[in-house]
Structure formats: structure tokens, C-alpha cells
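Engineer: Here it is: the structure, laid out below.
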Amino acid sequence: PVPGLHYTDKGLALESVALVDIATRFGTPTFVYSRAALTAAWQNWNAALAGRNALVCYAVKANSNLAILNLFARLGAGFDIVSGGELSRVLAAGGTADKVVFSGVGKSRAEMAQALRAGIHCFNLESTPELDRLESVASELGLVAPIAVRVNPAVDPKTHPYISTGLRDNKFGVAFEDALALYRKAAASKHLRISGVACHIGSQMLDPAPMAEAAGKVRELVEQLEREGISLDHIDLGGGLGIRYKDEVPPTGTEYLAPLLRAMEGRKEQLHFEPGRSLVGNAGLLLTSVEYLKPGATKNFAIVDAAMNDLARPALYDAFHEMLAVTPRNAPPVPYEIVGPICESGDFLGHDRALSLAEGDSIAILSAGAYGMAMSSNYNTRGRCAEVLVDGDAVHLVRQRESIESLYALESILPA
Ligand code: LLP
């Protein structure tokens, strides 16, 4: 599923670079991204929006490496952030605040002040107390905060429960029947300016129908607001478009967007989207190497140098990531449990993978561009991976491997 990945006589290559050369030069485990694949994913979204006044705000949480943010900024992206930290990254990477939307249920006063001073495009509000807090921070600073209410359309996105966000009983957004009250409150405040409405119902969606249904409900709200004399300048339909990990057949950008655009036909507000996974997921892989092959009573283990701290998705969601041998061997494939060195049974990256392996061989774990590095940790005092970006025949180191000293540099021992 990674575009630009192919076998050559030097084994698996991404664009024009052999992955064995990356493993030799940078070591493993290393995340490897493709500039061409990132650009193609961006174009897939934007081609589908051609002719429509729209802004694609890349969901930074999926992969917040500065090089990737910078690439999207150069392509004209806006950004969907969920913390002051992500705002700092966007600005450090050359993104502009006026294309930033701020999502999330728990914005602190400090984060609100940072975003207000930076001049972001919009705060997506998720509750009445959040609206009150934002008004108070804006009035302290003598500024006006642009806002949207994130509504919860109570639509089932038909995806993994941990990544569903638009169900009635979860913590996200404001129920439709309560949204009007927030807009009235905002309209009455001189420190808040109504800018839009926002809606995001879940992630890894393979069917556009639930989001199209949600868009229909959002439109009704927009028309209700209009009757009250409240007009908006944008409508944000969130992210959530799924990708192929195994044999899923996700809609193309055009297929996903067609029913949404239909639901918004005739509306003149700018449309915003917040895709994360579909822009970066299949533009990246995790390159790892076999430490040991360990035959077991019932299963064979391939113990690799990447682990659940580097790629949490298998352990956390039982997610499937396809694996390919970087240098194929002629020996018949054997089913392996692909596991990491961490001291937990949950530390697996894949089950029952038929591969022909020897110690020292490298494996490419695919579809790791989204929620891979971004969700990694230092568990077991493991330094996080290096990240490289391939561009044609060039390879750029875009994040150094973390040194072990840096992992405890902020700690101190007790006084004598
Ligand atoms: N907008 C909002 C408000 C979100 O909460 C999310 C993702 C997105 C946009 C981007 O959604 P995407 O286009 O990437 O589906 N860690 C999980 C995914 C969590 C998604 C959380 N919200 C995973 O690895 O599958």
C-alpha cells in the first residue's frame, strides 16, 4: 500500500533509494517517508476539491515531524492542532497561524493565550465551560477569539471504538440540540467572533456514508443559524478518511468527498477538512532488523529491533501492518510472530507472518506514516527512532535517533 515502494536488484526500494542503504547508513529502527507519496496524497485531496472554496487542514497529530509539516505548508496546507505544542511545531515548520484550527476537549488557558496571540483561524469549541474560559482569556488579552462549535452528530462511523468520536456517549463535541445555545452565547460576547461549525466523527472510515449523513445534519444546523441571523465563514467536516493497511478498499478522495460536497451544494461557506492518516499513513514505513530468530514449541519468533514503543498501533488496537522482507531470500517462507525486545507479551508488531528471514535481515513495516512516530514513547528507556525522508535518490535525515543520555537529561538524583 505504500506508493513508490518496489523491488529492485538491491531489494526493496522507496522512490530511488534502496532500503538496505538506509539501514546501513542510519541504522534501525528508522521511520522512512516518501516525499512523492506525501505530495501525491495531498494532491488526491486537493484534486477532489478543485473549483470549490476549501482548505485542507492537515491533522498534525498523525505525524508532527517538522519536515512533513514544512512540506504541507509549502503545498498550501492549513493545520488542525490539538495542543500548544503542535502550534509551536507548525510555526517552527513555516506554517501560518491564520490557517490553523484548534481542536480538542481540554484546551488550557495557556494554550488559548498562545493561540490567540499567534492569531489562529479558529478555535473549535467542545463545551460551554470551554467557551466561557476562552472568552475570559480573550478579554484579559483584549483580543477577539474566532470560534466554531464542534457538534457531535451522533452518527456511527463504523470504525474501531477507540477511534470513534461522533457517538452520542463519547466526550467529543456538543450535542446538536445544545449547539444553538452556544452560538447565541458567542454572538452576545464582544470577545468572541463566530467563524464556523466543525464536525469530526471518527477515523479510518472506509465508507463515506456516515460522514455524508453527518454533513446533512451540519447543514441543517447552518440553516437554522442563518434563520437566527448568525452567518458563518466556514464549515469544517473533519478528517477520518481511511487507508489500506491490508485488503481494505478505501474510497479515493473524490469518492469520499462527492457525497459530502453534494450535502453542501449551494452553500457558499469555505469548506474545511482535517485529514491526518490519509495524507501520511501510506507515505511512511518503519524499517526494522531481525535481532534473533527464536524457534518456539508452537510458534517461531522473529525478535526485531523495533517494538511497541516505536509503533504502538498493533498492541493498542490490534492493528494490522503489512510486512515485507527488504532483501528477499529463496528459502521457503516460515510463519513468524514478529515481536520487539520489550518485556510485555503485548509487544508484538505482527502475528503469523510468512517470511523468509535470517538474523540481521531488515523488514519494512508498511503504512506506518500516521500515528507511528507520533505515538511512540521511551518505554524501557529506548531512544525514539530516527526519521528520514526520501526524495528521488536523496535521503534527508529529518530527526536524529534519540541518544540515551537525552532520555534522562531532565532527571536528577536526590541530594546527598
Ligand atoms: N480531526 C479531529 C478532531 C480528530 O480527532 C482527528 C483524529 C482528526 C481530525 C484526524 O483524523 P484522521 O484523518 O487521521 O482519521 N491513534 C489512532 C487514530 C486516532 C485519531 C484521533 N483523531 C490510530 O492510530 O488509528
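Engineer: If you find the alpha carbon centre of the stretch 56-93 and of the stretch 135-151, how far apart are they in angstrom?
Structural biologist: 22 Å
Engineer: Can you tell me the relative contact order of the stretch 35-278? Whole percent, Cα pairs under 8 Å, sequence separation 6 or more.
Structural biologist: On the way: 479 pairs, mean separation 49.0, N = 244.
Relative contact order for the stretch 35-278 comes out at 20 percent.
Engineer: Something else now. Go through 114, 95, 85 and say which Cα lies farthest out towards the positive end of the charge dipole of the stretch 79-125; charges sit on Cβ, +1 for Lys and Arg, -1 for Asp and Glu.
Structural biologist: 114
Engineer: Compute the relative contact order of the chain as a whole-number percentage, counting only Cα pairs closer than 8 Å that sit 6 or more residues apart in sequence.
Structural biologist: 20 percent
Engineer: By count of other Cβ within 10 Å, fewest leading, how are 205, 375, 264 ordered? Could you put the intermediate results ahead of the total?
Structural biologist: Working: 205 25, 375 16, 264 21.
Starting with the residue having the fewest Cβ neighbours, the order is 375, 264, 205.
Engineer: Principal axes first, then extents: for the Cα atoms of the stretch 185-230, list largest minus smallest coordinate on each axis, whole Å, largest first.
Structural biologist: That gives 42, 22, 12 Å along the principal axes, largest extent first.
Engineer: So, one more: Among the trypsin sites (Lys or Arg not before Pro) within the stretch 182-218, which fall in a DSSP loop and have no more than 15 other Cβ atoms within 10 Å of their own Cβ? It would help to have the intermediate numbers written out before the result.
Structural biologist: Values: sites: 184, 185, 190, 193, 217; in loops: 190.
The qualifying sites are 190.
Engineer: Next question, about the same structure. What net charge do the residues around residue 354 carry, taking every other residue with its C-beta under 15 Å from that of residue 354, with Lys and Arg at +1 and Asp and Glu at -1? Intermediate results must be reported in sequence, preceding the final value.
Structural biologist: Numbers: positive: 246, 299, 329, 353; negative: 322, 337, 352, 361.
That sum, taken over residues with Cβ under 15 Å, equals 0.
Engineer: Which aspartates and glutamates have a Cα less than 17 Å from the Cα of residue 10, not counting those fewer than 8 places away in the same chain?
Structural biologist: 21, 361, 393
Engineer: Still on this structure, please answer the following. Ignoring GluC sites (Glu not before Pro) that are buried or in helix or strand per DSSP, and keeping those with at most 10 other beta carbon atoms within 10 Å, what is the longest stretch of the chain between them? Before the final figure, lay out the partial values.
Structural biologist: Working: sites that count: 265, 411.
The segment 1-264 is the longest one with no such site.
Engineer: Sticking with this structure for a sec: Looking at the stretch 92-133, which trypsin sites (Lys or Arg not before Pro) are DSSP coil and have at most 11 other C-beta atoms within 10 Å of their C-beta? Before the final figure, lay out the partial values.
Structural biologist: Details: sites: 99, 107, 109, 117, 133; in loops: 107.
When the trypsin sites (Lys or Arg not before Pro) of the stretch 92-133 are filtered for loop state and at most 11 Cβ neighbours within 10 Å, nothing remains.
Engineer: Oh, and also: Just list whichever of 107/268; 158/185; 99/171 have alpha carbons separated by over 32 Å in the model shown. All intermediate terms of the calculation are to be shown ahead of the outcome.
Structural biologist: On the way: 107/268 30 Å; 158/185 34 Å; 99/171 26 Å.
The pairs that break the limit, which is 32 Å between Cα atoms, are 158/185.
Only the coordinates and a few stated rules stand behind these numbers; no lab work does. The structure presented is a predicted model; accordingly, all values stated were derived computationally and were not measured. Quick reminder, even Gly has a Cβ in these numbers, built from the backbone with ideal geometry, and neighbours come from all protein chains shown.
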